[in-house]
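The values are calculated or read from the model by the stated rules, or taken from the named source; none is laboratory data. What you see is a predicted model, and the numbers here were worked out from it, not measured in a lab. With ideal geometry, Cβ positions are generated from the backbone for all residues, glycine too; neighbour counts draw on all protein chains shown. Ligands, DNA and RNA are excluded from the accessible area calculation, which covers all protein heavy atoms including side chains. Shrake-Rupley method; radii C 1.70, N 1.55, O 1.52, S 1.80 Å.
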Amino acid sequence: MENEIQENNIKVYEDRVEVVYTSGGVGCLLISGITMTLTALFILFYIVPDSNIVRAFIGIILGVIGLLFFGTMLFKVLRAVLTGKAVYTVQDGYFKGKNKAVRIDEITDMKWAGSSLKYLAIKTTNKKTIKLSSYNLVPEEKVNQVINDYVVPNATPEFKENWNKRMSNKGA
């Protein structure tokens with residue numbers, strides 16, 4: 001059953017391949033983001049006003065950090081969810097994210113990066129680095145599968161070599 005659900009992350013059409021998020025995964029991410037943002041607001045507006053100076057100071061620090069971190073992440077995920085289910089798309093010789101696209105024949109390297117929100121860092125032939133966020137909505141394994149099956153066959157020899165090294169190191 002689990003394998004069947006994960007296969008729902010990849011949609012193959014005649015003209016494109018999409019890596020999409022599932023409703024269950026997005027629900028968990030949104031519920032946890034909303035909960036943590038509300039917790040930060042609770043600390044700031046309920047705990048802090050009735051506290052002594054030390055407790056209020058600690059509460060303000062925790063509340064502000066929590067609100068900035070979780071509120072920002074929640075906003076980014078909500079924006080991604082509201083712009084469609086496809087997180088990554090391979091179409092017409094391009095590898096596309098939500099906001100940016102890169103020609104496949106210009107990619108020299110690609111790797112996962114980021115700590116709180118994962119993204120693909122893509123290096124191009126003109127030495128630019130382009131970041132395409134996954135918003136933690138799709139599993140890395142599914143994205144890697146799409147890259148192996150639909151990007152690598154049309155990529156530059158340099159990218160093929162870099163990607164194969166990275167994937168062989170991951171398995172070791």
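Kindly provide the set of residues from segment 55-103 that are open to solvent by 40 Å² or more (accessible area, probe 1.4 Å) and hydroxyl-bearing (Ser, Thr, Tyr), ordered by number.
Once the filter is applied, which keeps residues that are open to solvent by 40 Å² or more (accessible area, probe 1.4 Å) and hydroxyl-bearing (Ser, Thr, Tyr), segment 55-103 yields THR72, THR83, TYR94.
So the check is Cβ under 8 Å with 6+ separation or different chains; which pairs have a first residue in segment 10-32 that's open to solvent by 60 Å² or more (accessible area, probe 1.4 Å) and a second one that's part of a loop (DSSP other than H, G, I, E, B)?
Sorted first by the residue in segment 10-32, then by its partner, the pairs are ASP15/ASP92; ARG16/ASP92.
Would you check which residues across segment 110-131 are within 12 Å of the chain's Cα centre (by Cα) and part of a loop (DSSP other than H, G, I, E, B) and list them?
The answer is GLY114, SER115, SER116, LEU117, LYS118.
Are there any strands (runs of 3 or more DSSP E) wholly within segment 1-109 with 1 or more residues that are aromatic (Phe, Trp, Tyr), and if so which?
The strands (runs of 3 or more DSSP E) meeting that bar are 86-91, 94-96.
Take the residues in segment 37-54 that are touching a residue at least 24 places away in the same chain (Cβ under 8 Å) and open to solvent by 30 Å² or more (accessible area, probe 1.4 Å), then tell me which one is farthest from the chain's Cα centre (by Cα).
Quick first cut of segment 37-54, residues touching a residue at least 24 places away in the same chain (Cβ under 8 Å) only: 37, 39-41.
Imposing the further condition that a residue be open to solvent by 30 Å² or more (accessible area, probe 1.4 Å) reduces the set to 39, 41.
Numbers: THR39: 24, LEU41: 25 Å.
Here the residue is LEU41.
This table checks each residue for (1) open to solvent by less than 50 Å² (accessible area, probe 1.4 Å); (2) of a type in the set (Phe, Trp, Tyr); (3) in contact with a Phe, Trp or Tyr (Cβ under 8 Å, 6 or more places away or on another chain).
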{"residue": "ASP105", "(1), (2), (3)": "no, no, no"}
{"residue": "LYS127", "(1), (2), (3)": "no, no, no"}
{"residue": "VAL138", "(1), (2), (3)": "yes, no, yes"}
{"residue": "GLN145", "(1), (2), (3)": "no, no, no"}
{"residue": "TYR150", "(1), (2), (3)": "no, yes, no"}
{"residue": "PHE159", "(1), (2), (3)": "yes, yes, no"}
{"residue": "TRP163", "(1), (2), (3)": "yes, yes, no"}
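Report, by residue number, each residue of segment 150-162 that is in a helix (DSSP H, G or I) and touching a strand residue (DSSP E or B) at 6+ places or on another chain (Cβ under 8 Å). Lay out the reasoning, then the answer.
Keep residues of segment 150-162 that are in a helix (DSSP H, G or I), which gives 150-154, 157-162.
TYR150, VAL151, GLU158, PHE159, ASN162 - these are the residues of segment 150-162 that are in a helix (DSSP H, G or I) and touching a strand residue (DSSP E or B) at 6+ places or on another chain (Cβ under 8 Å).
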